[in-house]
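Below is one structure, written out as structure tokens, with a few remarks after it.
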Amino acid sequence: MQDTKSDPLATCSHIYKDPDKAHYCSYIQVPGLLETFYRGAKTTDEILLCSAIYAYTLWWNLQQKELAALVHLAEAGQPLTPEQCYDALKRANRCVEIDRIMLQQGVIARSELLRHNGTINFRFALGDTAQLELFSQTAHQTRLLDQALGTFKLQEGADEAASQHLLSSLKDLALTHSDSFNTIQRDFRDLLWAMHEHPATRVVDFSEVVPVEQLLSYGKATLQKYHPQAVLEDARTNDELTFITAHQTFEVWFPAVIHSIQEATRLLQLRPAHTWEAEALVRRIADIFSLFGRMIHIPQTMTAADYIEFRDQLQAGSGVESFQFRAIEISAGLRDTRYQKIMERMQLVTEDLRMLWDTPSLNAAFMETLADRGIFAAGDAAPDKAAKIAELLLPSTFANPNVDLTALAESLVRFEQNVELWRTDHIAMVTRMIGRKTGTGAATYAHLGNSNTPEQEKMHFDSLPYLQNTLRYQKIFPALWDARDYMHDHSR
Ligand code: HEM
């Protein structure tokens, strides 16, 4: 087995690799994270369970470091300068932002895994609590911070109004965290308890499903290699770890999305198609993308100046290289040839992605289901299809025999809308962090267009125009948007 920790590029499937540069795969350590993913997780629910618990683990690893720093500051009993207070405020704010994410992911886990009878074919062994240390540490730090809140005080002589403002904001954030943590704790305990009590015969150790140390080792290795100053005892901030965690949590959620898309596609390919089951999965995907919309704000718990301090060490790395993100787009149905061309030229189309491109997507399976149910004829031109789909979406005075397709269509649109909201929020966050000039990853690929082949004109890779362009690609579910245009045009 390859040691992905020492050489993540060895197992990454990217064509363009420069061992002297930090790439997304080597920096975020995607191959290692995926290798850690529990191989016994086969069903969509099992994969969702793993994604959720890995995300809890990664978030708590970061959060408890911030809480420990706050507790340390409070317990030191030293009066704070306004600068120290402002710094503490950033940490507390990060804790609250992480809470918001965990609250939202708790809602998804409760609804998908606890309220419905999830298909989970293993259960956790009882008494296997050592692996929950991270959770206990976070709970402990939260209690300590609660108790120490009253000891925060400001240096005499500091501007009175400003100081009071900072101090009360800090206390407010710490209390907000404490409140949220109660709910997060309940969600997590319920989830674990349900997985203990679950009537499955296969019993597995929690540590087998969630090898905490291994999961966290990738972030540690990246810190040690690229940001050695950030692992020192007196590291001023956890900004680098925040940046790494922000990406890693996406990468551990992506398998749940990819698998759900592929399973929904399979369900729609059955005859008769299992439309309600597919609809439930698409709703799940839409909910996870809505969670992504919140997660993408985490980097903003640093300032642009904080980010600039370590940005150079990232060199080539950027999410543009995320293999799993591409797998989501392609499996869902993004088939814009402009997109394909640009991915080819950046050498981001791996063999696996090429195969996905040629495999029927969720959109294709949905369209075939509509044709199979006689909503339109397979040979209809796009405008006729749009008109007929519009009828499916319009309220009817008669009982709708295709209400399952109507529901599915609405969930697919919500999924795509949440992808677009993620893109828009990512662009806004990127602009806030790096301004409107060039970025990291795409800039690296600019040289590829400068080859001697005359038909390859010079690629222009300014990050922001590149990202904005992704919003102009053809839709993932184009017929559903065409149907909306049709409804609008014919409503007057
Ligand atoms: C400080 C935080 C971040 C900055 C400054 C940033 C910057 C950028 C930039 C400039 C690009 C365009 C390509 C390039 O020029 O490299 C990009 C693309 C991308 N980033 Fe981020 N990013 C950040 C955080 C994240 C996070 C947390 C994720 C989560 C996985 C992410 C995922 C992506 C993806 C998937 C793309 C490709 C989008 C597409 O091609 O449609 N980014 N990022």
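Just so it is clear, none of the values below were taken in a lab; they were calculated from the coordinates. Keep in mind the model is a prediction, meaning the values are calculated, not measured. Because the Cβ atoms are built from the backbone with ideal geometry, glycine has one as well, and the counts that use them run over all protein chains shown.
Run through every distinct alpha carbon pair of the chain and return the Kirkwood hydrodynamic radius in angstroms, one decimal place. It would help to have the intermediate numbers written out before the result.
Details: mean 1/r = 0.0407 Å⁻¹.
Evaluated over the chain, this radius sits at 24.6 Å.
Just from its helices, what would the mean residue ellipticity at 222 nm be for the chain, if runs of 4 or more DSSP H residues each count -39500 (n - 2.57) and the sum is divided by every residue, rounded to the nearest 500 deg cm²/dmol? Intermediate values should be presented prior to the final figure.
On the way: 20 runs with 311 residues, N = 492.
Computed mean residue ellipticity for the chain: -21000 deg cm²/dmol.
HN-Hα J couplings of segment 159-174 from phi, Karplus 6.51/-1.76/1.60, θ = phi - 60°, integer Hz, Gly and Pro as x?
Residue by residue, segment 159-174 yields 3, 4, 5, 4, 4, 4, 4, 4, 5, 6, 5, 4, 5, 4, 5, 5 Hz.
Starting with the highest mean, order 373-381, 236-244 by the number of other Cβ atoms within 10 Å, averaged over the residues of each peptide.
Those peptides, ordered most packed to least, come out 236-244, 373-381.
Greater than 28 Å separation of Cα atoms is the criterion. Which listed pairs, 65/437; 21/437; 341/388; 42/341; 220/341; 220/475, meet it?
Too far apart for the 28 Å limit: 65/437; 341/388; 42/341; 220/341; 220/475.
Can you give me the Cα centroid spacing of segment 10-63 and segment 82-146 in angstrom?
Centre-to-centre (Cα) distance: 19 Å.
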